[in-house]
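The values are calculated or read from the model by the stated rules, or taken from the named source; none is laboratory data. Worth saying up front: this structure is predicted, and the values here are computed from it rather than measured. With ideal geometry, Cβ positions are generated from the backbone for all residues, glycine too; neighbour counts draw on all protein chains shown. Each accessible area value is taken on the protein alone, full model and side chains, heavy atoms only, with ligands, DNA and RNA left out. Shrake-Rupley method; radii C 1.70, N 1.55, O 1.52, S 1.80 Å.
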Amino acid sequence: MDAREIALKIINDVTSNHAYANIALVRELNRHKISDQDRRFITELVYGTIKAGETLDWIIGHYVTRSLNKVAPVILNILRMGMYQIFFLSKVPVSAACNQAVELTKKYGHTGTVKFVNAVLRNAGRGPEKVIYPDREKNIVKFLALKYFHPQWMVARWVKRLGADAAEELCQINNVTPALSLRTNTLKNTREELLDILNLEGVSAEASVWTPEGIVCHSYPALSTLKSLRDGLFQIQDESSMLVAHVLAPKPDEFIIDACGAPGGKSTHIATLMENKGRVLSTDIYEHKLALTQENAQRLGLTIIDVQSLDATTLGDNYARQADKVLVDAPCSGLGVLRRKADSRWRKTEDMFKELPILQMAILKSAAECVKLGGTLVYSTCTTEPEENQDVVNNFLKGNPDFALQHAGEMFPVTENKAEMVQLWPHIDHVDGFFISRLVRVK
């Protein structure tokens, strides 16, 4: 099975079986002995083709007369892969893209589909000028959506809220693969020591400007080969995600609840800042995710984390006024981390902004019941949308006068931020889009 056929298999799994692109990619790559060059090409082809989904269908529409709904899914994916190579992978010769697509079609189609795929892709290769994007000034939303591979409803929200230029910057950066970020396990080594170790392991990295334990990697070998990872010297975690525990400001010997804790990135950070003294209760409704929290805690050498399968909307029934601090990193639309998940943007709908705030408020209210007098409640998400962020916090405060808002930005460990409720953006701050707020029980 060559690289393009492996890519096709993964893309089919994502589009037909609703598999997650990153999981399907790793699973399939591990089944084959392939070169690093092929591994990189497959990754680019899979993520690029999935990310460009609706734009590729729009491009294909310039060269076919039939409805794409009448094209067999596997054949449509072969066309999408071919078009992605022709229009967006300049290093791939058009002839190679066409020829390999035809060979795949011979295997997965019949004589008629072979002729169809060959004609469509060769027409595209000879006449790419037929694809003309909408006029930016006349239809900014459609232009940005097609040019940068985003759903139109999503772009429309950002254009209305941020303006056309900022929305374009955000769409652009959502198509750029982010750097890998690591959090030093300060119970086992310092950041400086870890940087030296990583350098010996072939990792090109530098210290984060956001957190004192953060490291940003520019190039690295397969993570599974790093002894430093197996030995628990670090945890993979984005810089903006690391800020959450600092805003919570955990102390040794406290009892802290991480209400939606799996797979354990923030729970393990909290326990580390507590110097592995006290108790961290990390809850989630999914047992398999809690197992990941336990695995991470064990690898990092943390012994104070208890995991519990629990619906976060019932936390208050179980731990009323018992916790010094509670973190609610709520389930959300995830629009701040689109650049990390190629398929994510196409799985979202606007209905989320009606449904999710109801769940987020229910979790926040229940978690608040766990907080002691003088205790801290942090609410965070990995999204950029006010319905899930500022609106949830403001509505909570209206109905819960026992809590007061504090300046979350003042708790940042390195980078100064004066915002009461912090909203980080990928195109502005060059980290994942994250929202962080801090409240305290005053009575």
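What the table shows:
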| read-out | value |
| --- | --- |
| Virtual spin-label span in nm between R66 and N139, 7 Å along Cα→Cβ | 2.6 |
| Derived scalar couplings ³J(HN,Hα) [the range 405-414; Karplus, 6.51 cos²θ - 1.76 cosθ + 1.60; whole Hz; x for Gly, Pro] | 7, 10, 7, 5, x, 5, 8, 4, x, 10 |
| Per-selection Rg to Rh, the range 117-252 - Cα, Kirkwood hydrodynamic radius | 1.17 |
| Å² of accessible area per residue within the range 158-281, as computed with a 1.4 Å probe and no ligands counted | 39 |
| Cα shape, the range 239-441, gyration tensor, a/c 1.5 rule | rounded |
| Degrees between helix 3-17 axis and first principal axis of the chain (Cα, 0 to 90, nearest 10) | 60 |
| Where labels lie 7 Å past Cα in the beta-carbon direction, separation of I358 and T415 in nm | 3.6 |
| Cβ charges +1 (Lys, Arg) and -1 (Asp, Glu), total dipole of the range 3-130, debye | 260 |
| Relative intensity, log₁₀ I(q)/I(0), of the range 189-295 from a Debye sum that treats every alpha carbon as a point, q = 0.12, 0.16, 0.20, 0.23 Å⁻¹ | -0.45, -0.78, -1.12, -1.30 |
| Cα centroid separation, the range 39-56 to the range 159-208 (Å) | 22 |
| GNM top mover of P426, P178, P93 - the chain, alpha-carbon springs below 10 Å | P93 |
| In Hz, Karplus ³J(HN,Hα) per residue of the range 86-95 (6.51, -1.76, 1.60; θ = phi - 60°; x = Gly, Pro) | 5, 9, 10, 10, 5, 6, 8, x, 4, 4 |
| Qualifying GluC sites (Glu not before Pro) in the range 76-154, DSSP loop, other Cβ atoms within 10 Å at most 14 | E137 |
| Charge dipole magnitude, Cβ of K and R +1, D and E -1 - the chain, Cα centre, debye nearest 20 | 1560 |
| Mean projected area (nm²) of the alpha-carbon convex hull when the chain is viewed from all directions | 22.1 |
| Listed residues T43, T105 arranged by accessible area, highest first, probe 1.4 Å | T43, T105 |
| Considering only the chain, percent of DSSP beta bridges that pair antiparallel, nearest 5 | 55 |
| Label-to-label distance, nm, for residues given as V26 and D165 (7 Å Cα→Cβ offset) | 4.0 |
| Calculated FRET value between E192 and K372, using beta carbons and R₀ = 30 Å, to 0.05 | 0.20 |
| Chain lengthening between M1 and T225 when straightened (0.36 nm per residue, less Cα-Cα) | 78.1 nm |
| By accessible area with a 1.4 Å probe, ligands and nucleic acids excluded, highest first: order of H110, H407, H427 | H110, H407, H427 |
| P(r) of the range 180-236 over all Cα-Cα pairs, binned every 10 Å from zero, in whole percent | 26, 65, 9 |
| For the range 263-306: span of alpha carbons on each principal axis (Å, largest first) | 27, 18, 14 |
| I285 accessible area, assembled protein chains, probe 1.4 Å, Å² | 90 |
| Most to least packed among 428-436, 112-120 [average Cβ atoms within 10 Å] | 428-436, 112-120 |
| Trypsin sites (Lys or Arg not before Pro) lying in DSSP loop within the range 124-192, provided at most 15 other Cβ fall within 10 Å | R136, K138 |
| Peptides 386-392, 345-351, 79-85 ordered by average Cβ neighbours within 10 Å, highest first | 79-85, 386-392, 345-351 |
| Sum of -39500 (n - 2.57) over DSSP H runs of 4+, divided by residues of the chain (222 nm, nearest 500) | -14000 deg cm²/dmol |
| Heavy atoms of D36: accessible area, 1.4 Å probe, square angstrom to 10 | 100 |
| Calculated FRET value between A249 and N99, using beta carbons and R₀ = 45 Å, to 0.05 | 0.15 |
| From phi via Karplus (6.51, -1.76, 1.60), per-residue ³J(HN,Hα) for the range 341-347 in Hz, x at Gly/Pro | 9, 4, 8, 4, 4, 8, 9 |
| Helix 287-300 vs. the chain, principal-axis angle (Cα, 0 to 90°, nearest 10) | 70 |
